[in-house]
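Chemist: Pasting a structure below so you can have a look.
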Amino acid sequence: MEASLVSFVAVLFLFSYHPVSVSAEIAKVDEVCNNVGGWYVTPQICHSVLGTDPQSSTADLNGVGVIAANIVAKNATLTLGSIKKILDASSDPNQKKGLETCVLVYTNIIPKLNGAVASIKSKKYSEALEVMSEALAVPAKCDAATMNDPNLKMVLDRDGIPFSTVASVGQAVAGYLSSNYSA
């Protein structure tokens, strides 16, 4: 009985130290996702977007920001590719005009998003926040130009997490970092 009690205490002692290191690794993505609600992003949405990169669970705060910005830039690039495919297949001049506007707005934001990744790496969070805020307007500009073309909507909705959701998370993460960790 006494040996069992000693073993039990030893196990408790070991576990009391082990979770601290594990939770410290996980805590950064949790810290960000649990505190971005003021940016109208739920922790669940934040985790679903950031969770697409397995490194998010072990990243430091700056790393979480870099991951978020990278996800936004990659999603914009994928979205642009999908729009171009629809444009190439379209024979309707009105649809083509709207899709050309979409191509233009996504083409213009992608280099800026890549710059936002660099800004976050340099801990210039307010610069990244400006770009992420600008990225939020891209889907609305595209929707207005295509007047919610059902073909475009179907393809973009199938491409994983919609750009508007990813951009919202990117803006929320950049905003959180800018508000709490800017130099």
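Chemist: Picking from Ser164, Ser168, Ser122, Ser126, which residue would you name as being open to solvent by 50 Å² or more (accessible area, probe 1.4 Å) and under 21 Å from Gly51 (Cβ atoms)? It would help to see each step written out before you state the result.
Modeler: On the way: Ser168 fails: open to solvent by 50 Å² or more (accessible area, probe 1.4 Å); Ser122 fails: under 21 Å from Gly51 (Cβ atoms); Ser126 fails: under 21 Å from Gly51 (Cβ atoms).
After ruling out the rest, the residue left standing is Ser164.
Chemist: What pairs come up if the first residue lies in segment 114-143 and is under 21 Å from Thr79 (Cβ atoms), the second is assigned to a helix (DSSP H, G or I) and open to solvent by 60 Å² or more (accessible area, probe 1.4 Å), and their beta carbons are under 6 Å apart, counting only those six or more places apart or on different chains?
Modeler: If the second residue must be assigned to a helix (DSSP H, G or I) and open to solvent by 60 Å² or more (accessible area, probe 1.4 Å), the pairs left are Val131/Lys112.
Chemist: Still on this structure: Could you tell me whether segment 143-163 includes any residue that is modelled with pLDDT under 70, assigned to a helix (DSSP H, G or I) and of a type in the set (Val, Ile, Thr)?
Modeler: Within segment 143-163, one or more residues are modelled with pLDDT under 70, assigned to a helix (DSSP H, G or I) and of a type in the set (Val, Ile, Thr).
Chemist: I would also like to ask the following. State the number of residues belonging to segment 76-97 that are at pLDDT 90 or above, of a type in the set (Gly, Ala, Ser) and surrounded by 17 or more Cβ atoms within 10 Å (Cβ to Cβ).
Modeler: So the answer is 1.
Chemist: If you check every pair at least six apart or on different chains, which have Cβ atoms under 7 Å apart with a residue in segment 171-183 that is over 11 Å from Glu130 (Cα atoms) and open to solvent by 10 Å² or more (accessible area, probe 1.4 Å) first and a residue that is of a type in the set (A, V, I, L, M) and in a helix (DSSP H, G or I) second?
Modeler: Within 7 Å, the pairs are Tyr176/Val32; Tyr181/Leu61.
Chemist: Could I ask something else about it? Does Ala59 count as among the hydrophobic types (A, V, I, L, M, F, W, C), surrounded by 18 or more Cβ atoms within 10 Å (Cβ to Cβ) and within 13 Å of the chain's Cα centre (by Cα)?
Modeler: On the way: among the hydrophobic types (A, V, I, L, M, F, W, C): yes; surrounded by 18 or more Cβ atoms within 10 Å (Cβ to Cβ): yes; within 13 Å of the chain's Cα centre (by Cα): no.
Against the criterion (among the hydrophobic types (A, V, I, L, M, F, W, C), surrounded by 18 or more Cβ atoms within 10 Å (Cβ to Cβ) and within 13 Å of the chain's Cα centre (by Cα)), Ala59 does not qualify.
Chemist: Taking the conditions exactly as written (open to solvent by 10 Å² or more (accessible area, probe 1.4 Å) and modelled with pLDDT of 90 or more), does Asn108 satisfy them or not?
Modeler: Values: open to solvent by 10 Å² or more (accessible area, probe 1.4 Å): yes; modelled with pLDDT of 90 or more: yes.
Yes: the conditions hold for Asn108.
The values are calculated or read from the model by the stated rules, or taken from the named source; none is laboratory data. As the structure is a prediction and not an experimental result, all values here were calculated from the model. Because the Cβ atoms are built from the backbone with ideal geometry, glycine has one as well, and the counts that use them run over all protein chains shown. What goes into the accessible areas is simple: the full protein's heavy atoms, side chains included, and nothing from ligands, DNA or RNA. Shrake-Rupley method; radii C 1.70, N 1.55, O 1.52, S 1.80 Å.
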